[in-house]
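The values are calculated or read from the model by the stated rules, or taken from the named source; none is laboratory data. Quick caveat: nothing in here was measured; it's all calculated off a predicted structure. Backbone-built Cβ (ideal geometry, glycine too); neighbour counts: all protein chains shown. These area figures cover heavy atoms from the full protein model, side chains too; ligands, DNA and RNA do not enter into them. Shrake-Rupley method; radii C 1.70, N 1.55, O 1.52, S 1.80 Å.
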Amino acid sequence: MPRPSDELDRYDLTCHRLREALLGQLPASVDLVATVTAHAYWVCVAVSGDGTAWEEALRDYTALAQQRAAAEGEAERREIALLQQELAQTPGPVLDVGAGWGRLASLYESLALPAVYVEPAALGTQLMRRSGLNRVAQSVGEALPFADGPFSAAIIGWVLHHGAAPDVDAPAILIQAARVLAPGGKLLSIEPLGEKFSQTEWTSLLREAGFHVNRVEWFFTSESSPGATERYALAVGARCAD
Ligand SMILES: C[S@@+](CC[C@H](N)C(=O)[O-])C[C@H]1O[C@@H](n2cnc3c(N)ncnc32)[C@H](O)[C@@H]1O
């Protein structure tokens, strides 16, 4: 298990290598810093250590950024605009479950919305703390370290579709989210829908955990590979009263 400083050092080195590889290679519309930040996180979460597997992951994610960063940037702009609308009337605090490296922190800050971040990966919690966020808990979503009911909204973004992975128990994460939300509290769930994770599967999970699904909005169609289409979608739910 690497020491925390080792993990951050490796992340910084990964950012440096990605920046070198991508500088001048991306369309003008693409935010280089945001692209490097995200892809470096994925490289470091995908492989530990800095040997051959890391070099391979760097090559793969550099190619991915070159192919997909413009489209993914547009998808993210639409996602943020939708979340902004949904959170504008929310008093907070908001709970971000599986918050990664704190991608949505600037959105919460722009809305003056108090936020609490939960993330199991040590790299994610270290990056969030290093960027100045202080309400960060290292935990899985299946065991949220909070009392019942303090949050007015919960965001679970790009986590539940990993339900087939042994480390993601989507029903348990949703039951925990319902527990820590105040009655009527808002759930914002964002996922890529396709052959591996359907809208029916997703909305059934939400309902079974005790949410009323008010609407589902598809905001982007992604051609992740030839013939493989995913639709990125936001589900807006409310915790049913007990
Ligand atoms: C694709 S990233 C999305 C990050 C962030 N939600 C965003 O929208 O940028 C998925 C995140 O879920 C986290 N994760 C994995 N297993 C989890 C679990 N059991 N509970 C909560 N989060 C988990 C991963 O560590 C990773 O940071």
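Identify the residue in the stretch 221-238 that is part of a strand (DSSP E or B) and open to solvent by 30 Å² or more (accessible area, probe 1.4 Å) and, among all such residues, is farthest from Leu188 (Cα to Cα).
The extreme case among them is Ser225.
Being open to solvent by less than 60 Å² (accessible area, probe 1.4 Å) and in a helix (DSSP H, G or I) is the filter here, so list the residues in the stretch 159-170 that pass it.
First, pick out the residues of the stretch 159-170 that are open to solvent by less than 60 Å² (accessible area, probe 1.4 Å): 159-161, 163, 165, 168, 170.
Selection gives Leu160, His161, Gly163, Ala170.
So, in the stretch 116-138, exactly how many residues are near the ligand (Cβ under 9 Å from one of its atoms) and open to solvent by 60 Å² or more (accessible area, probe 1.4 Å)?
Going through the stretch 116-138 one residue at a time, the tally reaches 1.
Please indicate, with yes or no, whether at least one residue in the stretch 56-75 is within 18 Å of Ala178 (Cα to Cα) and open to solvent by 40 Å² or more (accessible area, probe 1.4 Å).
no
Pick out the one residue from Leu104, Leu188 that is touching a strand residue (DSSP E or B) at 6+ places or on another chain (Cβ under 7 Å) and farther than 26 Å from Arg10 by Cβ.
Of Leu104, Leu188, the one residue that is touching a strand residue (DSSP E or B) at 6+ places or on another chain (Cβ under 7 Å) and farther than 26 Å from Arg10 by Cβ is Leu188.
Out of all the residues in the stretch 149-158, is one or more touching a Pro at 6+ places or on another chain (Cβ under 6 Å), open to solvent by less than 20 Å² (accessible area, probe 1.4 Å) and not β-branched (Val, Ile, Thr)?
Within the stretch 149-158, one or more residues are touching a Pro at 6+ places or on another chain (Cβ under 6 Å), open to solvent by less than 20 Å² (accessible area, probe 1.4 Å) and not β-branched (Val, Ile, Thr).
Examine the stretch 34-46 for a residue that is open to solvent by 60 Å² or more (accessible area, probe 1.4 Å) and in contact (Cβ under 8 Å) with a residue 24 or more places away in the chain, and state whether such a residue exists.
yes
Report the residue count in the stretch 49-62 for those that are in a helix (DSSP H, G or I) and either farther than 24 Å from Arg10 by Cα or more than 21 Å from the chain's Cα centre (by Cα) (or both).
Of the residues in that region, 6 qualify.
Applying the selection to the stretch 77-115, what residues are open to solvent by less than 60 Å² (accessible area, probe 1.4 Å), assigned to a helix (DSSP H, G or I) and in contact (Cβ under 8 Å) with a residue 12 or more places away in the chain?
Glu79, Ile80, Leu82, Leu83, Glu86, Leu87, Ala105, Leu107, Tyr108
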